[in-house]
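Written below as structure tokens is the structure these notes are about.
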Amino acid sequence: MLDSMKSVIQFESGQNLPFKVNGKPGFFCVKEGYLKVSRKNEGRVTAVRICGEQELVGFANAESIDNGTLSVDAIGGSAHVCFIPFDEFRTYANRTPKVLFGLIEIQSRALDHSESRISALSNHCLKNRVSSVLKFLNDSFGSPTAHGSYIGINIDRTTLAEMAGTIVESIARVLSELEEEGIITRIGRAIYIRDEDRLKKLAI
């Protein structure tokens, strides 16, 4: 049933993801690649989430989509996403309780992440906030290597700064501090987590 209602879209970095296809509003599931979800507030655009494979985008953000405050961009080249129209999906979900329970679980995790991020931005110092962002990226996209856990996503300093609620210059300074302390290693633009336990403590 889901296969019959979805359509696959490829789009390139720099292109904004449309939330209507053939005039139908809907949401997306990431099939391949990474997406940056940003929100506009008082003219300022801030990255709020990075999504990877099998994650939903736009499902719980209909109001933000309608008023133009939510935007989505591909990271590191191109991404493939599955577009699912809202109306068809609602009809399907109402007939399938397992799908509804699954959506509740997905939204609960998203809410928990949002609450944790708000707490970090409100109560933590800059080093703690940057560590929280790195821990989230490592938990979501990290993979073990000889240099440490590699955050397998090509994310720039501007996006890191937006997610940590700071500016690019401050991100550069904190990353240098973490590297000097042996918590991370940088090779080019790649970031490796060398000491996950210490990073976790800083991210609290």
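What follows draws every value from the coordinates through simple rules; no lab data is involved. All figures in this text were calculated on a predicted structure; none of them were measured in a lab. Cβ atoms come from the backbone with ideal geometry, glycine included; neighbour counts cover every protein chain shown.
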Worksheet item: Does a label point 7 Å from the Cα of Asn22, set along Cα-to-beta-carbon, have any residues of the range 71-100 with amide nitrogen under 20 Å, and which are they?
Response: 80-93
Worksheet entry | Of every Cα-Cα pair in the range 157-204, the percent that sits beyond 12 Å | 65 percent
Worksheet item: Taking the mean number of other Cβ atoms within 10 Å as a proxy for protection, how do you rank 141-148, 73-80, 30-37 from highest to lowest?
Response: 30-37, 73-80, 141-148
Item to complete: Could you work out the local net charge near Thr46, counting Lys and Arg as +1, Asp and Glu as -1, over the other residues with Cβ closer than 9 Å to its Cβ?
Response: +2
Item to complete: For every other residue with a beta carbon closer than 13 angstrom to the beta carbon of Ile155, add +1 if it is Lys or Arg and -1 if Asp or Glu, then tell me the sum.
Response: +2
Worksheet entry | Gained length - Lys40 relative to Ser13, 0.36 nm times residue gap less alpha-carbon distance | 7.9 nm
Worksheet item: For the range 124-203, what's the relative contact order in percent, using C-alpha pairs closer than 8 Å and at least 6 residues apart?
Response: 38 percent
